[in-house]
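*Asks:* This is the structure I want to talk about, given as structure tokens.
Throughout, read-outs are computed from the coordinates displayed, never taken from laboratory work. Because the structure is predicted, anything quoted here is derived from the model rather than measured. Cβ placement follows ideal geometry from the backbone for every residue including glycine, while neighbour counts extend to all protein chains displayed.
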Amino acid sequence: MMKSNRSMPAATVIPILIYPDVRKAVAWLSKSFGFKERVKIGEGHRSQLRIGDGAVIVADVRSGRRPPRDGELTHQMMVRVEDARAHCERARAKGARIIAEPADFPFGERQYTAVDLAGHQWTFSETIEDVAPETWGGKTVRAD
């Protein structure tokens with residue numbers, strides 16, 4: 001078990017996303033997607049956000065760090081939510097650009113995809129059924 005540190009999110013994987021305006025991004029991600037700010041670092045340098053048991057760090061532009069460019073997809077964030085349809089409507093009402101409406105998939109998830117104010121793509125996923133990967137073409141891999 002890892003040691004805990006109040007200065008670091010507890011999540012095992014913590015993406016760092018770059019935004020031109022950290023404070024504006026924190027406000028937008030909070031109102032549109034339901035994130036909660038947990039640690040503010042400097043006035044506009046970085047911020048740690050949480051959602052459920054996950055975390056993301058919002059960082060400023062500097063030293064070669066840049067947000068996505070139009071028409072370029074280098075990464076995509078996935079966040080599990082309880083109700084994808086309701087989450088989608090909240091995000092749309094708060095200014096998110098929805099690029100894939102909620103849809104049910106054979107792997108037991110209902111998902112939609114949105115783009116945030118800096119161009120990062122977010123897929124929100126609701127579990128609707130427990131489905132074995134082999135039923136839709138996946139394969140369970142057992143790693144020790």
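*Asks:* What would the Debye equation give as log₁₀ I(q)/I(0) for the stretch 1-51 at q = 0.16, 0.18, 0.27, 0.31 Å⁻¹, counting only Cα atoms as equal point scatterers?
*Replies:* With no solvent term, the Cα-only Debye profile gives -0.48, -0.59, -1.17, -1.37.
*Asks:* Something else about it: For residue 3, list the aspartates and glutamates whose Cα falls under 18 Å from its own Cα; do not include residues on the same chain fewer than 8 positions away.
*Replies:* Within reach: 53.
*Asks:* Taking residue 24 as the anchor, which lysines have their alpha carbon closer than 29 Å to its alpha carbon, excluding any fewer than eight residues away along the same chain?
*Replies:* 36, 40, 94
*Asks:* Another question, if that's okay. Find how much the distance from residue 83 to residue 39 grows on full extension, using 0.36 nm per residue of separation minus their present alpha carbon separation; answer in nm with one decimal.
*Replies:* 13.2 nm
*Asks:* Using θ = phi - 60° and the Karplus relation 6.51 cos²θ - 1.76 cosθ + 1.60, list the HN-Hα couplings for the stretch 103-117 in order, rounded to whole Hz, with x at every Gly or Pro.
*Replies:* 9, 8, 10, x, 8, x, 10, 10, 9, 9, 10, 10, 10, 8, 5
*Asks:* Which percent, nearest 5, of DSSP beta bridges in the chain are antiparallel?
*Replies:* Values: 24 of 32 bridges.
Percent antiparallel among DSSP bridges in the chain is about 75.
*Asks:* Now for a separate question. Roughly what would the spin-label model give for residue 12 and residue 76, points 7 Å off Cα along C-beta, in nm?
*Replies:* 2.3 nm
*Asks:* Could you list which residues have their amide H under 5 Å from that of residue 109, counting only those 5 or more apart in sequence or on another chain, with H placed in the peptide plane?
*Replies:* 128
*Asks:* Separate question: Which of the aspartates and glutamates could a cross-linker bridge to residue 139, judged by Cα under 19 Å and excluding same-chain residues fewer than eight apart?
*Replies:* The qualifying aspartates and glutamates are 109, 129, 130.
*Asks:* Only bridges whose two residues both fall in the stretch 61-129 count here: according to DSSP, what percent of them are antiparallel, nearest 5?
*Replies:* Of the beta bridges lying entirely in the stretch 61-129, close to 70 percent run antiparallel.
*Asks:* Taking H placed 1.01 Å from N in the peptide plane, check which residues at least 5 places from residue 39 or on another chain put their amide H under 5 Å from its amide H.
*Replies:* Correct list: 48.
*Asks:* Could you please tell me the mean projected area of the C-alpha convex hull for the stretch 54-122, averaged over all directions and given in square nanometres to one decimal?
*Replies:* Over all viewing directions, the stretch 54-122 projects a mean Cα-hull area of 5.7 nm².
*Asks:* Report, in degrees rounded to the nearest 10, the 0 to 90 angle that the Cα long axis of helix 84-93 makes with the longest principal axis of the chain.
*Replies:* 30 degrees
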